[in-house]
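Q: The structure's right below; bear with me while I get my questions together.
The values are calculated or read from the model by the stated rules, or taken from the named source; none is laboratory data. Keep in mind the model is a prediction, meaning the values are calculated, not measured. Using ideal geometry, Cβ is built from the backbone for each residue, glycine included, and neighbour counts are taken over all protein chains shown.
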Amino acid sequence: MTPGALALLVRRELSRSGGALATAGFGILAGTFALAFFVALGLGARAVLLGDVFPLDRVELEPEARPEPGLLALLTGRGKAPPGIAPEAVERLSRHPGVAAAYPKLKFAFPSGAFGGKEIIGRDVGTHEMLADGVAPALVAPDIKGPTPFEDPLARGGAACSVDSDCASSEYCELPSDAARGQCSAPVPVIVSPYLVEIFNKGIAPAHGLPQLGMTLVTRAQGVTFRLQLGVSMMGAAKRGKSRDVKARLVGVSRSALDLGATLPLPVVERWNREYFGPEAATRPSSLLLRTKTAADVASVVQAGAAEGLVARDSRARDVSVLVTSTIALLSLVAGTMLVVGATNIAHTFRMLVSERRREIGLYRALGATPGDIRAWVLALAVAVGVAGGLAGVGLARVAAWLVDLLAATHLPDFPFKPASFFLFPAWLVVGAAAFGVGFAVTGALFAVRRAVKIDPMEALGSG
Amino acid sequence: MSVPAYELQAVSRTFGVGDAARRALDAVSLTIEAGEVTAITGPSGSGKSTLLAILGALDAGYVGRVSLQGVDLASLDERARARLRAQKIGFVFQSFHLLAHLSVRDNVSVPALFARSAGDPASRAEEVLARVGLPGRSRDRPDALSGGQRQRVAIARALFASPEILLCDEPTGNLDRASSAEIVALLVREARERGRAVVVVTHDPEVSSRADREVSLRDGALVEAA
Ligand SMILES: Nc1ncnc2c1ncn2[C@@H]1O[C@H](COP(=O)(O)OP(=O)(O)O)[C@@H](O)[C@H]1O
Ligand SMILES: [Mg+2]
């Protein structure tokens, strides 16, 4: 039988028993719909959660929290290892085969505050208690969209000074506590996390009647300058050094920034930690961010960290990944059950169809059809029903996803990381879900196909 | 003389096994010539349809030897038998077996679905419909036709691929006398003019009297007739 003849036979059958076949195909449609919808939702959720909120191909290690030292240890001054990660451990971990890059982070070892924002939000806001850290400029470089680089401003040198007025108006005098003379410095570049921007926009700004910060506004040329207060905060003064103010400038938004705080170039934090705490606070990173070669390497990297007495700072990424994956699996199981029901429908309808077409099949055989031709006919019919049901199911899933996104956009309040779409329909999902529909339709029809092939033409045509 | 259409040697067919076994054909030996109408007669259950199915290469479960134009049917596999049916054999049935959802023309050209035929199936269908005396009815549905006309459509379908053999099982069984006579005349003409071997299973003495030769079966065995 030629493909043309097969197509003609299938077309004739579709126009003759279209109603029954559409009913039979509905289960396939519903199952494919559910499969495509749920998986797309899962993929969308995973993309938002793991892409923006909890990245998965990186892990941040920090020293294991130790129990409070006893009074005796405090008195004798023994048993108190210096804080942070030993440089040798950093060295070993950055050579781990699963690690693509290692970026030490250093927390401020002294109290600080920050005030500013007049340029973009109309009045100064700030905190007397700022969390801040320093990261290697290389980690952040790709995220800096504006013209101001994220690096130690003193690296380019500066004129000698003793007060800010010795310097250009945009600069300040970087004068360490114990130094007689300082150096003029451009404002220290600062980055913040998209999380902080979201929190500000969706939480703080509405509550205090402040305008929202557009990402472009934050990252635009020259950025926003503000004042950092070093060495003193609400909680008290630093162990050493004098409190002083420095100029800082917001130069970008990066996932590598501290969630709720400010992040500065590592060399700057090293200098200031030395100034306000001591040399050991400059050489031992408080945590180590490791970008792994693949997400699968995270586990072995974490294990290597454990050998150095380090633990992952945040297992949320993995928790979320496992949660999303198991939710997708569960919902796919529901969709699979629907598909099985759909296949049962198909099986029933095709069984009826074949017994109704018994004589016709016998006639075709007498007129020259091989059993293979009969098999091709019934299978092609099942494929047609499966393709129609599968494509309609995937199509409906996309329509439903679009509707959900539309409703979410218009009816749900803004929340941090609210995505433009909750769904992701990669090509493989579209093709795969439709293929599942076809597969279940064909599987359902297989029994009927066997029966059709086995029909004895002589018997089917009867004594007539 | 050319090769006979069929040669049968000691052909037997048993249905069922053990106690339920029933011999439907019993050592039938027979030659069927091209260009002749051969009538197969006999009481109900005597094995006529069984014989026709074997001749039509629809039933390969016999013992003995059946050759069609010198080719041993037992040497052919399922596909080859299907091709043989498509190219060399036309079937006509008592209850016509027309497909109600198709027009007359599409019914006639159903064989084109399973065999490569040269030319346009629709025009070939018109050709054979004219030949059986039904020009101009090709767009009708079968249920718009009388019994005699339906059987003509069925014969047109059987003639579609110009087969050398026509196998007819009680072709007039559902028809009135006048229609029967027309159908028989059509079949006789196909044998005479086109040299086809026409085999007609029939109860009807009117039909067998028009045949060139009559073969009688009783309990699956040949009864030598005149
Ligand atoms: N497929 C079959 N299975 C079992 N028995 C059959 C089958 N076909 C025919 N028979 C039996 O073989 C005998 C001959 O049947 P058949 O050839 O149809 O007779 P006729 O056509 O002469 O009436 C009958 O007894 C019938 O019951
Ligand atoms: Mg019979």
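Q: Criterion first (surrounded by 23 or more Cβ atoms within 10 Å (Cβ to Cβ), away from chain A (no Cβ under 13 Å) and at pLDDT 95 or above) does B:Val104 satisfy it?
A: It is true that B:Val104 is surrounded by 23 or more Cβ atoms within 10 Å (Cβ to Cβ), away from chain A (no Cβ under 13 Å) and at pLDDT 95 or above.
Q: Moving on. Condition (residue is away from ligand 2 (no atom under 16 Å from the Cβ) and assigned to a loop (DSSP other than H, G, I, E, B)) applied to region B:5-15: is it met by at least one residue?
A: The answer is yes, given that some residue of region B:5-15 is away from ligand 2 (no atom under 16 Å from the Cβ) and assigned to a loop (DSSP other than H, G, I, E, B).
Q: Residues that are within 16 Å of ligand 1 (Cβ to nearest atom), at least 3 per element: which helices (runs of 4 or more DSSP H) completely within region A:370-464 meet that?
A: Of the helices (runs of 4 or more DSSP H) lying wholly inside region A:370-464, those with at least 3 residues that are within 16 Å of ligand 1 (Cβ to nearest atom) span A:457-460.
Q: Given the conditions (1) away from ligand 2 (no atom under 16 Å from the Cβ); (2) within 27 Å of A:Pro457 (Cα to Cα); (3) of a type outside the set (S, T, N, Q); (4) not in a helix (DSSP H, G or I), and given that B:His203 satisfies all but one, which numbered condition is not satisfied?
A: Of the numbered conditions (1) away from ligand 2 (no atom under 16 Å from the Cβ); (2) within 27 Å of A:Pro457 (Cα to Cα); (3) of a type outside the set (S, T, N, Q); (4) not in a helix (DSSP H, G or I), the odd one out for B:His203 is (1).
Q: Could you tell me which numbered condition B:Tyr6 fails, if it satisfies all but one of (1) farther than 25 Å from A:Asp373 by Cα; (2) buried (at least 17 other Cβ atoms within 10 Å of the Cβ); (3) within 16 Å of ligand 1 (Cβ to nearest atom); (4) among the aromatic types (Phe, Trp, Tyr)?
A: Answer for B:Tyr6: the failing condition is (3).
Q: So in region B:57-66, with the set limited to residues that are within 10 Å of chain A (Cβ to nearest Cβ) and of a type in the set (A, V, I, L, M, F, W, C), which one is farthest from ligand 1 (Cβ to nearest atom)?
A: In this case the residue turns out to be B:Ala57.
Q: While we're here: Name every residue in region B:163-182 that is away from ligand 1 (no atom under 16 Å from the Cβ) and either over 13 Å from the mean Cα position of the chain (by Cα) or within 13 Å of chain A (Cβ to nearest Cβ) (or both), in order of residue number. Don't jump to the end; show me each part of the working.
A: Filtering region B:163-182 for residues away from ligand 1 (no atom under 16 Å from the Cβ) gives B:163-166, B:175-182.
Result: B:Pro163, B:Ile165, B:Leu166, B:Leu175, B:Asp176, B:Arg177, B:Ala178, B:Ser179, B:Ser180, B:Ala181, B:Glu182.
Q: Tell me yes or no: at least one residue of region B:140-160 is within 16 Å of ligand 1 (Cβ to nearest atom), closer than 26 Å to B:Pro205 by Cα and in contact with a helix residue (DSSP H, G or I) (Cβ under 7 Å, 6 or more places away or on another chain).
A: Taking every residue of region B:140-160 in turn, none turns out to be within 16 Å of ligand 1 (Cβ to nearest atom), closer than 26 Å to B:Pro205 by Cα and in contact with a helix residue (DSSP H, G or I) (Cβ under 7 Å, 6 or more places away or on another chain).
Here's the yes/no breakdown for (1) over 30 Å from A:Ala20 (Cβ atoms); (2) in the same structural domain as A:Ala40 (by TED's automatic domain parsing); (3) more than 37 Å from the chain's Cα centre (by Cα):
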{"position": "A:Leu391", "(1), (2), (3)": "no, yes, no"}
{"position": "A:Ala400", "(1), (2), (3)": "no, yes, no"}
{"position": "A:His411", "(1), (2), (3)": "yes, yes, no"}
{"position": "A:Lys418", "(1), (2), (3)": "yes, yes, no"}
{"position": "A:Ser421", "(1), (2), (3)": "yes, yes, no"}
{"position": "A:Trp428", "(1), (2), (3)": "yes, yes, no"}
{"position": "A:Ala434", "(1), (2), (3)": "no, yes, no"}
{"position": "A:Ala448", "(1), (2), (3)": "no, yes, yes"}
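Q: Would you call B:Arg81 away from ligand 2 (no atom under 13 Å from the Cβ), surrounded by 14 or more Cβ atoms within 10 Å (Cβ to Cβ) and not β-branched (Val, Ile, Thr)?
A: yes
Q: Would you list the helices (runs of 4 or more DSSP H) that sit entirely within region B:70-140 and hold 3 or more residues that are touching a residue at least 12 places away in the same chain (Cβ under 8 Å) and of a type in the set (Lys, Arg)?
A: Per the criteria, B:78-88.
Q: Among the residues that make up region A:365-388, is at least one of them in contact with a strand residue (DSSP E or B) (Cβ under 8 Å, 6 or more places away or on another chain), of a type in the set (A, V, I, L, M), farther than 17 Å from A:Thr2 by Cβ and within 12 Å of another protein chain (Cβ to nearest Cβ)?
A: The answer is yes, given that some residue of region A:365-388 is in contact with a strand residue (DSSP E or B) (Cβ under 8 Å, 6 or more places away or on another chain), of a type in the set (A, V, I, L, M), farther than 17 Å from A:Thr2 by Cβ and within 12 Å of another protein chain (Cβ to nearest Cβ).
Q: Let me ask you something else. Based on what the data block shows, is A:Ala335 away from chain B (no Cβ under 14 Å), surrounded by 16 or more Cβ atoms within 10 Å (Cβ to Cβ) and either outside any helix (DSSP H, G or I) or touching a residue at least 12 places away in the same chain (Cβ under 8 Å) (or both)?
A: Taking the combined requirement at face value, the residue satisfies it.
Q: Keeping to region A:338-359, report how many residues are within 14 Å of chain B (Cβ to nearest Cβ) and either on the phi > 0 side of the Ramachandran plot or crowded, with 20+ Cβ neighbours inside 10 Å (or both).
A: Looking only at that region, the number is 2.
Q: Have a look at B:Phe91, B:Phe15 and point out the one that is within 16 Å of ligand 1 (Cβ to nearest atom), within 11 Å of another protein chain (Cβ to nearest Cβ) and farther than 30 Å from A:Met1 by Cβ.
A: After ruling out the rest, the residue left standing is B:Phe15.
Q: Given the criteria within 16 Å of ligand 1 (Cβ to nearest atom), of a type in the set (S, T, N, Q) and either assigned to a strand (DSSP E or B) or within 13 Å of chain A (Cβ to nearest Cβ) (or both), does B:Ser216 qualify?
A: Criteria met by B:Ser216.
Q: Any chance you could count how many residues in region B:27-37 are on the phi > 0 side of the Ramachandran plot and either in a loop (DSSP other than H, G, I, E, B) or near ligand 1 (Cβ under 9 Å from one of its atoms) (or both)?
A: Summing the residues that are on the phi > 0 side of the Ramachandran plot and either in a loop (DSSP other than H, G, I, E, B) or near ligand 1 (Cβ under 9 Å from one of its atoms) (or both) in region B:27-37 gives 1.
Q: So which helices (runs of 4 or more DSSP H) stay within region A:152-234 end to end and still have 1 or more residues that are within 33 Å of the chain's Cα centre (by Cα), modelled with pLDDT of 80 or more and assigned by TED's automatic domain parsing to the domain that holds A:Val269?
A: A:194-199
Q: Quick check on region B:38-56. Is at least one of its residues in contact (Cβ under 8 Å) with a residue 40 or more places away in the chain, in contact with a strand residue (DSSP E or B) (Cβ under 8 Å, 6 or more places away or on another chain) and more than 16 Å from ligand 1 (Cβ to nearest atom)?
A: no
Q: Consider region A:407-445. How many of its residues are free of Cβ contacts under 8 Å to residues at least 24 places away in the same chain and either within 16 Å of ligand 2 (Cβ to nearest atom) or aliphatic (A, V, I, L, M) (or both)?
A: 7
Q: Here's a follow-up. Counting only residues that are over 15 Å from B:Ala10 (Cα atoms), surrounded by fewer than 22 Cβ atoms within 10 Å (Cβ to Cβ) and among the hydroxyl-bearing types (Ser, Thr, Tyr), which one in region B:25-48 is farthest from ligand 2 (Cβ to nearest atom)?
A: B:Ser46
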